[in-house]
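As structure tokens, the structure follows; a few thoughts come after it.
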Amino acid sequence: MPVGIFRVCLVVLTAIVNHPLIFPRENGTVPENTEEIIQKMKEREETLRLEQLRLEQEIAEQEAIQKALEKSAEVVKESKEEKIRWDMWTALSMVIFLLIELWRQDFQEGIWQDTGGEEDDMAVLGKAFKGVAFPDKAALASFYEKRILGTTGDMARMREMVEGFADDLLEALRSVCNRDADMEVEDCMGVGSMYENWRVRKPFVCDLIVPFAPPEPYCFRSQTWCSGDSFPPAEQGYGTIKVCRAGEDVTGCICDKTKLGEDMLCLLHSQANTTRASSEMEDLLCFNNTQYLDADQVMKWFQIAVTKAWNRISHKYEFDLSFSLLDSPGALKIKFRSGKSIAFNLTPVVQYENSDVYFISHFPRSSLAADLPSSTHWFLTFAVYERRFIQLVSKTLPANACHVSCLQILSFLHGKQCSLTGPSGLTNYHLKTVMLHLLQARPSQDWAPEKLEARLQDMLKFLEKCLHEKKLYHFFIGNGKVPAELRFPIIFQRAEPLNLFRPFVLHRDVYRKTVDTFHEMLRNMTALINEYTVHIPLAQTNGIHKESL
């Protein structure tokens, strides 16, 4: 044991004594190792310096990227704020533009409602009036006396005769109809130019409307284009009529709106009831499998009923009665044995609620009129209110006011021009609408008889302006200044104005022909009036001929 310990200690001592760092030899390699260590340390230092530079560069790049991101974020934020500001300004600009446009349209639409002086209304002649010589007062007065006044007595006698015969015919019609199943026919009413005393061109035709209602327990429920539901522009001015039982919900049973399965049955409507209801609707002149009144069915029923009524009373009269026009189912003609004839229109209508606005089954067509959307769409006529308005305004005008004279002369000139150059898109109803607008726009004293020439020029200027703009608004629809005495339905006053010249936008060929006819009428006006003028003193005649050359 001691020997072992001694050996270990000897080995340790020998190792210590022989260690090169403690007792270096003179030819040892310690200096060489020191230089290598120093060299390695320098290399290491250089490596660390390069690494430090690399890290500093990366940090600088990261900081640059961070700054760039922050700057881009600020730019995006500023652009968003600027975009929001721009959007706000854009929206505000659009609102201002729309308000200006609406004001401009309202201003244009309200021009005819202004009640300014004569210089403010139609003071500027249009291009069509340059070089046009208007007939003077003497020529107009002579023309009116010779060509217009002579027809007044004829119209009165014709109205009396036609009304008496129509009353007798409708009474016979009621007697041949089944009171429990057929429509109930009321008394007829006269409307239009013959009853407003301004028709001038022959043949004279009386327009009579005949209101009718369904038998009990049914009733009519109407819907117009301005009642809330959206109607396309082509259907403005029209409405539909639904035949319902009294007290029936207009919307109908839910089984009509929901598709039931084959094994399901509505407890209220069996198949037998459905068949019976469909048959009843056909008997009530409705369109196929609907509750909507069919204008074609109504006219067929009315023609058959009129034929039966005439067969019952024909023995009392010494003339024949026939339907004269295929495209106007209510057009009738009385033929006397002498060869003379009298034409009149007897048209069934449906009253709109409790007013004097009527749905008319067929309306006189013109080259402007488009085909009806369907036979369930009925045109609305305001003829009764138009007649009442003229009567109401006439009470405030001077004696022998010239408003009707202006309309008669303009109607004659236009009709004469159309007979020479062919029909145009203008109708007598358009001419009457112009007069109604000016009647409301001008003071009462402006319609004195001595101002016939000035007012006729106003009507022509107004008509030219409407043709140029392709805008002639219906007098009652959208007109908030209708006199309260007429008790006109407020729903039509609040509706959007109805442009009677809208078809001109769609039919450019008709528009071009209408404008050409109007211009030609202006150029020929003096010659047309002189043709029907009695002899005037020579001085005045020479002056008129000089103007017409």
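The values are calculated or read from the model by the stated rules, or taken from the named source; none is laboratory data. Just so we're clear, the structure is a prediction, and the values are computed from it rather than from any experiment. So basically every Cβ, Gly included, is an ideal-geometry build from the backbone, and we count neighbours across all protein chains shown. These accessible areas exclude ligands, DNA and RNA; they are computed on the full protein's heavy atoms, side chains included. Shrake-Rupley method; radii C 1.70, N 1.55, O 1.52, S 1.80 Å.
Using the Cβ-Cβ distance between Arg174 and Val95 with R0 = 41 Å, the FRET efficiency computed as 1/(1 + (r/R0)^6) comes to roughly 0.10. Here the label points at Asp154 and Gln457, each 7 Å from Cα along the C-beta direction, are separated by 3.2 nm in the simple model.
For Arg221 and Asp509, the difference between the fully extended length at 0.36 nm per residue and the C-alpha to C-alpha distance is 99.8 nm. Tell me whether segment 435-508 comes out rounded, prolate or oblate; compute the Cα gyration tensor, take square roots of the eigenvalues as a ≥ b ≥ c, and use a/c under 1.5 as the rounded threshold. Judged from the Cα gyration tensor, segment 435-508 comes out oblate (a/c at least 1.5, b/c at or above a/b). Reducing segment 422-483 and segment 293-324 to their Cα centroids gives an inter-centroid distance of 38 Å.
Expressed as a whole percent, the accessible surface of segment 342-453 that belongs to carbon and sulfur atoms is 52, based on a 1.4 Å probe. In a fully extended conformation the segment linking Leu325 and Glu74 would gain 82.3 nm over its present Cα-Cα distance, using 0.36 nm per residue. Between the beta carbons of Val132 and Ile59, assuming R0 = 56 Å, the FRET efficiency works out to 0.05 to the nearest 0.05. Computed over protein heavy atoms with a 1.4 Å probe, the accessible surface of segment 434-507 works out to 40 Å² per residue. Annotation: amide H of Tyr473 within the under-5 Å range of Leu500, sequence separation 5 or more or interchain, hydrogens built in the peptide plane. If you take the Cα centroid of segment 145-204 and the Cα centroid of segment 336-351, the two points sit 8 Å apart.
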